[in-house]
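The values are calculated or read from the model by the stated rules, or taken from the named source; none is laboratory data. Predicted, not measured: the structure shown is a model, and the values here were computed from it. Neighbour counts run over all protein chains shown; Cβ positions are idealised from the backbone, glycine included. Side chains included, ligands, DNA and RNA excluded: accessible areas come from the protein's heavy atoms. Shrake-Rupley method; radii C 1.70, N 1.55, O 1.52, S 1.80 Å.
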Amino acid sequence: MSGTRGCKLTSEYTFIGVSPVPRSSDRTRPDILQAAYKLFRRRGFFRVGMDEIARAAGVTKRTLYYHFDSKDALLTAVLASQHERAFGEFQTYGIDLSGGPEQLIDKLFGGLARWSAKPRWAGSGFTRLAIELADLSGHPARSMARQRKGLMEQQLATLLAEAKVASPRERARELFLLVEGAMVMLLIHGDQDYCDAAAEAAKRLVVDRPAV
């Protein structure tokens, strides 16, 4: 079973006494990760059981536990997989964010507006899971969420520095607060005006503040 010191993990999801199952990890593991990601994102970690994940992945429960010895281990692997994919996409997206400070803000929050307008949009999966596991400070999934958010903040600071914005690390943190806050308000109210309001606040932080 997966675990970390000082962390009360969900041990009830561990399947005891499973014998090895000769399945191909190259074929089966990605299918399990994708099925689990969709279910966790749509319904949350605690509301989804391993039986349901096995059915969605088209594998037996025995096979599922052969690849992941607990639901905690599966969640950590899901987030690691999604982090690698999403961070790669954000690095590519960073090319599109190039330009002056105002253009960067327009593109950043314009992307958020388009993303949040998609059907069944549910915000950032990393943020939602970190909140859901708020009472488990040592859970590996929370560590993964911190790592992802930290790397994204660093990438944004790099873009701000290239745009000649003063104090890019401080401005990147403030912009991330606006992005995360806008996502929460969009989830609560479903009102795209929050995205516009966050963009206007962001411009007041970075526009006409040249680097020194």
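Would you mind getting me the FRET efficiency between Arg62 and Glu200? Use the beta-carbon distance for r and R0 = 45 Å, nearest 0.05.
Result of the calculation: an efficiency of 0.25.
Karplus couplings for the range 55-65 from phi (6.51 cos²θ - 1.76 cosθ + 1.60, θ = phi - 60°), rounded to Hz, Gly and Pro as x?
Each residue's phi maps through the Karplus curve to give 5, 5, 7, x, 10, 7, 5, 4, 5, 4, 6 Hz.
For the range 142-159, what does the Karplus curve 6.51 cos²θ - 1.76 cosθ + 1.60, with θ = phi - 60°, yield as ³J(HN,Hα) per residue in whole Hz, taken in order and with x for Gly and Pro?
My calculation for the range 142-159 gives 5, 4, 5, 5, 4, 4, 4, 5, x, 5, 5, 5, 4, 5, 5, 4, 5, 5 Hz in order.
Give me a comma-separated list of calculated 3J(HN,Hα) values for the range 128-141, in order, Karplus coefficients 6.51, -1.76, 1.60 applied at θ = phi - 60°, integers in Hz, x for any Gly or Pro.
4, 5, 4, 5, 4, 9, 4, 8, 10, 4, x, 5, x, 5
Of Lys107, Lys164, Lys38, which has the most accessible area and how do the rest follow, probe 1.4 Å?
Largest accessible area first, the list is Lys164, Lys38, Lys107.
Grab the Cα-Cα distance for Phe46 and Lys118, subtract it from 0.36 nm times how many residues apart they are, and report the gain in nm with one decimal.
Result for the pair: 23.5 nm of gain on full extension.
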